[in-house]
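The values are calculated or read from the model by the stated rules, or taken from the named source; none is laboratory data. Being a predicted model, the structure only gives us computed values, none of them experimental. Counting neighbours? That spans all protein chains shown, and the Cβs are built from the backbone with ideal geometry, glycine included.
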Amino acid sequence: MTAPSPPPDAAPEAGDLPANVPFDEFRSGLPRGRFRVIVNPERARKYVRHRLLVFPVSSLLLGVGTALAMFGWLWFGIPLMAAGFLLHRVVKAQAPQILLHLASHHGSSYREAIDHEILEVRRAP
């Protein structure tokens, strides 16, 4: 047995609508549980990779690590290659948490995430 659905003309509850929340209110209200945050994980991955310059940094680590390993500096080269390889995967796995951290600490990241529909903020019931 399924729960009855609301009639089509019924108004949605206040917690179901995205809220237009200023950054300062979001920053102070998030730790207190005043908001529910919905993150689009696919868009968050792309945004965080772009914002943190993951591709250039990981390419640099892989390139320098490979060069060091080829010229005999294995103890320095292999860890750099591993860091370059793992950086992309760690950021991909943790992108929603990284985005939430960026949005709660930087107003520009918060506004960009809201404007590009990566982050949706709703008032908690």
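Looking only at segment 69-104, which residues are surrounded by fewer than 15 Cβ atoms within 10 Å (Cβ to Cβ) and within 16 Å of residue 35 (Cα to Cα)? The answer is 97, 101. Counting only helices (runs of 4 or more DSSP H) that sit completely within segment 16-96, those holding 2 or more residues that are over 29 Å from residue 113 (Cβ atoms) correspond to 54-70. Restricting segment 73-125 to residues that are free of Cβ contacts under 8 Å to residues at least 24 places away in the same chain and aromatic (Phe, Trp, Tyr) leaves a set whose member that is farthest from residue 31 (Cα to Cα) is 73. Against the numbered list (1) touching a Leu at 6+ places or on another chain (Cβ under 8 Å); (2) under 29 Å from residue 109 (Cβ atoms), residue 42 comes up short only at (1).
In this structure, is residue 109 small (Gly, Ala, Ser), surrounded by 16 or more Cβ atoms within 10 Å (Cβ to Cβ) and closer than 21 Å to residue 22 by Cβ? For residue 109, the condition - small (Gly, Ala, Ser), surrounded by 16 or more Cβ atoms within 10 Å (Cβ to Cβ) and closer than 21 Å to residue 22 by Cβ - is met. State yes or no: is residue 48 at pLDDT 95 or above, among the β-branched types (Val, Ile, Thr) and surrounded by 18 or more Cβ atoms within 10 Å (Cβ to Cβ)? For residue 48, the condition - at pLDDT 95 or above, among the β-branched types (Val, Ile, Thr) and surrounded by 18 or more Cβ atoms within 10 Å (Cβ to Cβ) - is met.
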